[in-house]
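The values are calculated or read from the model by the stated rules, or taken from the named source; none is laboratory data. Note that the coordinates shown come from a computational prediction; the quantities given were computed from them, not determined experimentally. Here the Cβ positions follow ideal geometry from the backbone for every residue, glycine too, while neighbour counts run over all protein chains shown.
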Amino acid sequence: MTEYESTAQRYIDSWNETDPVKRKHLIEELYTSDATYTDPLGTATGPQAIDQMVGAVQQQFTGATFSLGPVDGHHDIARFTWELGDAIVGFDVIVLADGKIKNVHGFLDKVPG
């Protein structure tokens, strides 16, 4: 498993972690202190705000889990697809700094009508 694949899997794991304390810990380990997350539905800056965003998504889609698609990367950038259950498909680009996620740029390819 490449560093890109490992980081992307940890990212997906953080979105699937439903225990708030464990999720907060995973996110704090995964992201830089000034990390940003941006997708068509919102933005968040810092691990605490990102954790709150993840928690809100989990409440909206109770019981659904994320799965990771193919991962590709070079230098300090990785891209990958993901699915949330059968309803949503997305594509994320992450920028790494010192082995942690500094930026997430998310795209939604398929959403419920």
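Pick from region 70-95 the residues that are touching a Phe, Trp or Tyr at 6+ places or on another chain (Cβ under 8 Å), within 17 Å of residue 15 (Cα to Cα) and among the acidic types (Asp, Glu): which of them is surrounded by the most Cβ atoms within 10 Å (Cβ to Cβ)?
92
May I ask you to verify whether residue 73 is in contact with a helix residue (DSSP H, G or I) (Cβ under 7 Å, 6 or more places away or on another chain), in contact (Cβ under 8 Å) with a residue 40 or more places away in the chain and in a strand (DSSP E or B)?
Spelling it out, residue 73 is indeed in contact with a helix residue (DSSP H, G or I) (Cβ under 7 Å, 6 or more places away or on another chain), in contact (Cβ under 8 Å) with a residue 40 or more places away in the chain and in a strand (DSSP E or B).
So how many residues does region 1-37 have that are polar (S, T, N, Q) and either loosely packed, with under 15 Cβ neighbours inside 10 Å or at pLDDT below 95 (or both)?
Within region 1-37, residues that are polar (S, T, N, Q) and either loosely packed, with under 15 Cβ neighbours inside 10 Å or at pLDDT below 95 (or both) number 5.
Determine, yes or no, whether residue 63 is at positive phi and either part of a strand (DSSP E or B) or out of contact with any helix residue (DSSP H, G or I) (no Cβ under 6 Å at 6 or more places or on another chain) (or both).
On the way: at positive phi: yes; either part of a strand (DSSP E or B) or out of contact with any helix residue (DSSP H, G or I) (no Cβ under 6 Å at 6 or more places or on another chain) (or both): yes.
Yes, satisfied.
Which residues, counting only those in region 91-113, are under 17 Å from residue 61 (Cβ atoms) and not in a strand (DSSP E or B)?
Residues satisfying the conditions are 111, 112, 113.
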